[in-house]
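Asker: To start, I am sharing the structure in question, which I have written as structure tokens.
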Amino acid sequence: MRFVIALPFVWLIVFFLLPFALVLGIALGTNAPDSAPPVELGLSLKNFALLFTDDLYVAAWLSSLRIAATSTLVALLLGYPMAYAIARAAPRRRPLLLMLVILPFWTSFLIRVYAWMGLLAENGILNQFLRGTGLAADPGTILGSEWAVQLGIVYAYLPFMVLPLYASLEKLDTSLLEAAADLGAQPFAAFLTVTLPLSLPGIVAGCLLVFIPAVGEFVIPDLLGGTDTLMIGKVLWDEFFTNSDWPLASAVAICLLVLLVGPIVLFQRQQAKSLERR
Amino acid sequence: MQRGLISNTPIVRIEGVTKRFGAITAVDTVDLAIERGELFALLGSSGCGKTTLLRLLAGFETPDAGRLVIDGQDMTGVPPHRRPINMMFQSYALFPHMNVAENVGYGLRREGLPKPEIVTRVAEALEQVRLSDYAARRPAQLSGGQRQRVALARALVKRPKLLLLDEPLAALDRKLREGTRFELVRLHEELGLTFVMVTHDQEEAMSMASRLAVMDLGRVTQVGTPHEVYERPRSRFVADFIGIANILPLEDGRRWLALRPEKIALCAAPPDTAHAVAGRIVDVVYEGDRSLYRVATDDGRVLLVSTANVARTKETFRRGQSVWLGWAADAGHELDE
């Protein structure tokens, strides 16, 4: 019994706290390109100071937040009707529809992002189609733009939006909507006053599940974005592998974590509140 | 019952209404007229179509055939939010994210009434159901009985022409049910509204309703006052469903007689009645206020007989005892079918 309780703690210590301490230790050190690993341990805060003074990092931060926020909003606007439709579908059809939402996970994430490259490239499938049908003689190229990054993030994280929304909409007692109609609410008013507030926990959960990983996303901006698309995950990668500056990369990682603690706390508070209400 | 009578036309006319779900005909060509100010009960076992009929009235279902006229207006295709009807749901369907006052005021806010008027009417409605002190509570913080009253206030505050009640007492425990029964009848009399209630509990329907419709297999088998339905059931089904009845074949073997257990006298000696038969007691059920006996008669039938336990000490009959049964010429009721 005691062992079972201890297990999650051991897990967290070994796979979270220890690596975190390691990364923090590196972040407080200084870059030493000639030694292996290229770190000289110490207690310097200059890596952190650089993150807040250098325009590159501040810009990367802001642009990460902006891209993540827009992608989250678009995913919400797309995911809500999807989740609603699945929750209102005949019970025997729901497993199939949910399956379709999860189906992309059966293919590697990387391969799916490569597939988008094939679709969006200058001579990609989309442009070939546009030229072939004469819809546009000289379509621009989406690949390499921020549009492509947004599209990729929305595509990749949409299931994380749909599933919690579905869970909260499926729980919604339909007799509440009948009661609203009975009391004189038109369908849209019933949606605004009953469905929407009662699905708020799902909205918050879905948005955070998309927003949190999207802020630190690296693969999508690297493969679909261009040189001008700045995202903090990509900056981290560059510091680590291109510049071999481990301490600075670690400082970026720590800051990313600290900044995401806010939304995570928000998420948990919302969950606790909705539990209290029941 | 005469209160609230404005005109002689019925407030609800259901004309040949049919509703099918796939292969199942839930409501089968039902004709029914409900008068103004009635407390009308739709009574039947589960699956008889009573709830579907109520949902057709509320507008949650649309009929496959027939017409619904409410207060002189054809409501057949009118959506629920435009009907002058409110419903108390079996589950109460209270909005969990709103407090009691917000729940009760919901329908008034949808009408776009000015705020001060909403506040007064909500307070009035909460007063009516004695929940004034609970206005700020959430439904989750209320007991079952309190929730039921919130649901009632939320429906009544709209001053509907017709109040529908779906199994209003089913979710309450037995003790609370008794009190709430009187409470509903009191409100009905005070407000002079028309109530239509669905119930599977014949005792509930008998004690509350001014008239009731017995339903079976999607059809209305009999409509009448509780007294009419109990004393003059039309069919074997009604006789059997409402209370207890002995059903005896008549001489020609094609017609039947319903004989209520309390209409039969149980005696030790041959009684001086139009009908008398000897028998032996096979079972005794003591229920406090009355006792039920199963008597095997010498002509080969088993009849149920009940006696009221009026006196505290009274000669009682025991199992195995030989007895006589007697009933008057008009004690039984001949069934049409």
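The numbers here are math on the coordinates, done by the rules we state, and not lab data. Quantities reported herein were computed from a predicted structural model and do not represent experimental measurements. Note that each Cβ is placed from the backbone with ideal geometry, even for glycine, and that neighbours are counted across all protein chains shown.
Asker: Could you state the per residue volume, in Å³, of the convex hull enclosing the Cα atoms of chain B?
Answerer: 179 Å³
Asker: Taking the Cα centre of the protein assembly as shown as the origin and placing charges on Cβ (Lys, Arg +1; Asp, Glu -1), which of B:SER291, B:PHE89, B:LEU113 is farthest toward the positive end of the dipole?
Answerer: Of the options given, the answer is B:SER291.
Asker: Taking the Cα-to-Cβ direction at B:THR29 and at A:ARG131 and moving 7 Å from each Cα, how far apart do the two end points lie in nm?
Answerer: 7.1 nm
Asker: Give me the dipole magnitude in Debye, nearest 20, for the protein assembly as shown about the Cα centre, with unit charges on the beta carbon: positive for Lys and Arg, negative for Asp and Glu. Before the final figure, lay out each step's value.
Answerer: Values: 60 positive and 61 negative charges, 214 e Å.
The calculated dipole for the protein assembly as shown is roughly 1020 debye.
Asker: Run the numbers for A:LEU22 and A:LEU260: contour at 0.36 nm per residue of separation, minus the present Cα-Cα distance, in nm. Provide the component values of the computation, followed by the final result.
Answerer: Values: separation 238, 0.36 × 238 = 85.68 nm, distance 1.92 nm.
Extending this stretch completely gives an extra 83.8 nm.
Asker: According to a simple spin-label model (label point 7 Å from Cα along Cα-to-Cβ), what is the distance in nm between B:ARG159 and B:ARG301?
Answerer: For the pair B:ARG301/B:ARG159, the computed spacing is 5.6 nm.
Asker: Still on this structure, I have one more. Taking each residue of B:105-115 in turn, how many C-beta atoms of other protein chains fall within 10 Å of its C-beta, and what is the average?
Answerer: On the way: counts 1, 7, 6, 2, 5, 9, 2, 1, 0, 0, 0.
Shielding by partners across B:105-115 averages 3.
Asker: Please order B:HIS227, B:HIS81, B:HIS188 by the number of other Cβ within 10 Å, starting at the fewest.
Answerer: Values: B:HIS227 9, B:HIS81 18, B:HIS188 23.
So the ranking, lowest neighbour count to highest, is B:HIS227, B:HIS81, B:HIS188.
Asker: Taking a cut-off of 19 Å between Cα atoms, list the aspartates and glutamates near A:LYS171, but don't count ones fewer than 8 places away on the same chain.
Answerer: A:GLU276
Asker: What order do you get for A:TRP147, A:TRP106 when you list them from fewest to most C-beta neighbours inside 10 Å? Numbers along the way, then the final one.
Answerer: Working: A:TRP147 15, A:TRP106 7.
Ascending Cβ contact count within 10 Å gives the list A:TRP106, A:TRP147.
Asker: Picking from B:TRP256, A:LEU163, B:GLY16, whose Cα lies most toward the positive end of the charge dipole for the protein assembly as shown (charges on Cβ: Lys, Arg +1; Asp, Glu -1)?
Answerer: Toward the positive end, the furthest listed residue is B:TRP256.
Asker: Round to a whole angstrom and tell me the spacing of the C-alpha centers of the range A:64-111 and the range A:153-169.
Answerer: Centre-to-centre distance over Cα atoms comes out at 4 Å.
Asker: In nanometres, what is the gap between the two model label sites at B:GLU203 and A:ARG66, each 7 Å from Cα along Cα-to-Cβ?
Answerer: 7.3 nm
Asker: So, one more: Where does the range B:65-199 land on the Kirkwood hydrodynamic radius, alpha-carbon pairs, in angstrom?
Answerer: Mean inverse Cα-Cα distance, inverted, gives 15.5 Å.
Asker: Still on this structure, I have one more. Using Cα positions and a limit of under 29 Å, work out the lysines in reach of B:LYS263, with same-chain residues fewer than 8 apart set aside.
Answerer: Qualifying lysines at Cα under 29 Å: B:LYS314.
Asker: Fewest to most neighbouring Cβ within 10 Å: what's the order for A:LEU248, B:LEU172, A:LEU50, A:LEU12? Could the numbers behind the result be given before it?
Answerer: Working: A:LEU248 25, B:LEU172 18, A:LEU50 15, A:LEU12 12.
In order of increasing Cβ crowding within 10 Å: A:LEU12, A:LEU50, B:LEU172, A:LEU248.
Asker: Lys and Arg at +1, Asp and Glu at -1: add these up for the other residues within a Cβ distance under 13 Å of A:LEU236 and post the number.
Answerer: -4
Asker: While we're looking at this one, here's another question. Grab the other residues whose beta carbon is less than 13 angstrom from that of B:PHE89, score K and R as +1, D and E as -1, and report the net.
Answerer: Values: positive: B:ARG55, B:ARG147, B:ARG154; negative: A:ASP173, A:GLU178, A:ASP182, B:ASP166, B:GLU167.
Computed value for this residue: -2.
Asker: Where nothing but the Cβ of Lys and Arg (+1) and of Asp and Glu (-1) is charged, how large is the charge dipole of chain B around its Cα centre, in debye to the nearest 20?
Answerer: Values: 45 positive and 43 negative charges, 237 e Å.
Computed about the Cα centre, the dipole is about 1140 debye.
Asker: Further question: Using a Förster radius of 60 Å, what is the FRET efficiency between B:GLN141 and B:ASP272 based on their Cβ-Cβ separation? Nearest 0.05, please.
Answerer: Values: r = 64 Å, r/R0 = 1.07.
The value I calculate is 0.40.
Asker: Roughly how crowded by other chains is peptide A:186-194, in terms of the mean Cβ count from those chains within 10 Å of each of its Cβ atoms? Intermediate results must be reported in sequence, preceding the final value.
Answerer: Details: counts 4, 2, 0, 3, 2, 0, 0, 7, 6.
Average neighbour count from other chains, rounded to a whole number: 3.
Asker: Using Cα positions and a limit of under 28 Å, work out the lysines in reach of B:LYS115, with same-chain residues fewer than 8 apart set aside.
Answerer: Leaving aside lysines fewer than 8 places away in the same chain, those within reach of B:LYS115 are B:LYS158, B:LYS161.
Asker: Post the alpha-carbon centroid distance, the range A:225-278 to the range B:38-90, in whole angstrom.
Answerer: 56 Å
Asker: Averaged over its residues, how many other protein chain Cβ atoms are within 10 Å of peptide B:60-66's Cβ atoms?
Answerer: Working: counts 6, 0, 0, 0, 0, 0, 0.
Mean partner shielding for this stretch: 1.
Asker: So, R0 is 35 Å and r is the distance between the beta-carbons of A:LEU56 and A:ASP138; what FRET efficiency does that work out to, to 0.05? Before the final figure, lay out the partial values.
Answerer: On the way: r = 34 Å, r/R0 = 0.97.
Here the calculated transfer efficiency is 0.55.
Asker: Return the equivalent ellipsoid semi-axes of the range A:1-108 as a descending list in whole Å, where each equals the square root of 5 times an eigenvalue of the C-alpha gyration tensor. Before the final figure, lay out the partial values.
Answerer: Working: eigenvalues 358, 135, 33 Å².
Rounded to whole Å, the semi-axes are 42, 26, 13.
Asker: Rounded to the nearest 0.05, what FRET efficiency do B:THR62 and A:ALA90 have when you use their Cβ-Cβ distance and R0 = 22 Å?
Answerer: Plugging the Cβ-Cβ distance into 1/(1 + (r/R0)^6) gives 0.70.
Asker: With angles folded into 0 to 90 degrees, how steeply does helix B:115-128 sit against the dominant principal axis of chain B? Use alpha carbons for both and round to 10.
Answerer: So the helix axis and the longest Cα principal axis differ by about 20 degrees.
Asker: Related question: Between the range B:111-166 and the range B:247-276, how far is it from one alpha carbon centroid to the other, in angstrom?
Answerer: 51 Å
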